[in-house]
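The values are calculated or read from the model by the stated rules, or taken from the named source; none is laboratory data. From a predicted model like this one, the values you see are computed outputs, not experimental measurements. Here the Cβ positions follow ideal geometry from the backbone for every residue, glycine too, while neighbour counts run over all protein chains shown. Ligands, DNA and RNA are excluded from the accessible area calculation, which covers all protein heavy atoms including side chains. Shrake-Rupley method; radii C 1.70, N 1.55, O 1.52, S 1.80 Å.
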Amino acid sequence: MRDLMTGMTYLAKGQRWVGRNRRQWGFGLLPGLVTLVGYAAALVALIFWADDVVAWATPFADDWASPWPGIFRGALTTLFFGGSMLLALISFTAVTLLVGQPFYEELSERVDLAEGGTAPESGLPLWRELWISARESLAVLFRVALWGVLLFALGFVPIAGQTVVPAIGFCVSGFFLTEELTAVALQRRGVPLRERLRLLRSRKLLALGFGVPLTLLFLVPLVAVFVMPGAVAGATLLVRDLTGETPAAEGAPEDSGEGADAPRLG
C-alpha cells in the first residue's frame, strides 16, 4: 500500500512544482487548450449530426412500423454518442501530449534538471519523436479498446457488473493514463513501449496511485487542461523513482523557470 500513497504523492508534487514554476505551467496549458477547442468543435458536430449518421447507417429500418424505427435509432444514437464520449475521454491525453510534445518535453526536462542536475535527451529529431509518440499512443489506445470491450461484456454480469467492473475500469484507465504521461520522460531515456509497460507492471500500485485520481479529475475536460502540466511534472518525478535515479540533495534550489526559454495489464 506504500506505493499507492507514493503515487498520489507524486501527483500532488507535480502540481506543486508547476505552481512554483508559473511560466512552465503557462506554456504547458497551451496544448490542452488547443486540444480542448478541437474536441469541443467535434462534440458540437456530433450533437447536430449524430441522428443523421445513425439514420444513414440503418436504411433497413425505414420500412418498420411506427414507433420501432424511432426507438431503435434513438437507442443507437445514445450508444453512438456515449461511445464517442468514452473515446474522447480516453484519447484526450494522448492527443494533448502529441500536440504539446515540445512543450511537455521542455517541462519534463526542467523537472529533471531541478531534481538531479541533468536531463536525459533522446537525440532524435522532432519529427522522429512525434512519429514514435503517435505510433505508440495508437498501440496504447488499442490495448485500452480491448480492455473496454472485455469490461463492457462483463458489465452485463449481475451485481459484479455494476460494482466490481466499474472499479476495474477506473484502474485500467488509471494504469494506461500513467503510461501515457510517463512516456514523455521515458521516451527521452530511450525506453520503448514494451519496456515502459513492464516497468509499470512491476510497480502497479505506484502507477494506480498516480493514475486513478488523475482519471477522476480528467472526467471534467476543463480540469484536465489545468492539471495536465502538473501531471507531466509529477509523471517525471515518478519516472525517476521507477528508474532508480538519485533525487536532488535536500535543500537544493529548484529551477524557478522564470529565465527559461520555453519553446500483467497491457
Select from region 66-108 the residues that are under 19 Å from Val44 (Cβ atoms) and open to solvent by 30 Å² or more (accessible area, probe 1.4 Å) and list them in ascending order.
Thr78, Phe80, Phe81, Gly82, Gly83, Ser84, Met85, Leu86, Leu87, Leu89, Val95
Unique residue being over 20 Å from Ala235 (Cα atoms) and of a type in the set (Gly, Ala, Ser) when the list is Gly190, Gly155:
Gly155
Looking only at region 126-158, how many residues end up being open to solvent by 40 Å² or more (accessible area, probe 1.4 Å) and assigned to a helix (DSSP H, G or I)?
18
Residues located in region 181-215, provided they are open to solvent by 10 Å² or more (accessible area, probe 1.4 Å) and more than 21 Å from Pro120 (Cβ to Cβ):
Arg201, Lys204, Leu205, Leu208, Val212, Pro213, Thr215
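Every residue, every condition in (1) under 18 Å from Val227 (Cβ atoms); (2) basic (Lys, Arg); (3) in contact with a helix residue (DSSP H, G or I) (Cβ under 6 Å, 6 or more places away or on another chain); (4) modelled with pLDDT under 85, yes or no:
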{"site": "Gly7", "(1), (2), (3), (4)": "yes, no, yes, no"}
{"site": "Tyr10", "(1), (2), (3), (4)": "yes, no, yes, no"}
{"site": "Gly14", "(1), (2), (3), (4)": "yes, no, yes, no"}
{"site": "Val18", "(1), (2), (3), (4)": "yes, no, yes, no"}
{"site": "Pro31", "(1), (2), (3), (4)": "yes, no, yes, no"}
{"site": "Val54", "(1), (2), (3), (4)": "no, no, yes, yes"}
{"site": "Ser66", "(1), (2), (3), (4)": "no, no, no, yes"}
{"site": "Pro69", "(1), (2), (3), (4)": "no, no, yes, yes"}
{"site": "Ala75", "(1), (2), (3), (4)": "no, no, no, yes"}
Could you run through region 164-221 and say how many residues are more than 24 Å from Ile132 (Cα to Cα), part of a loop (DSSP other than H, G, I, E, B) and among the aliphatic types (A, V, I, L, M)?
2
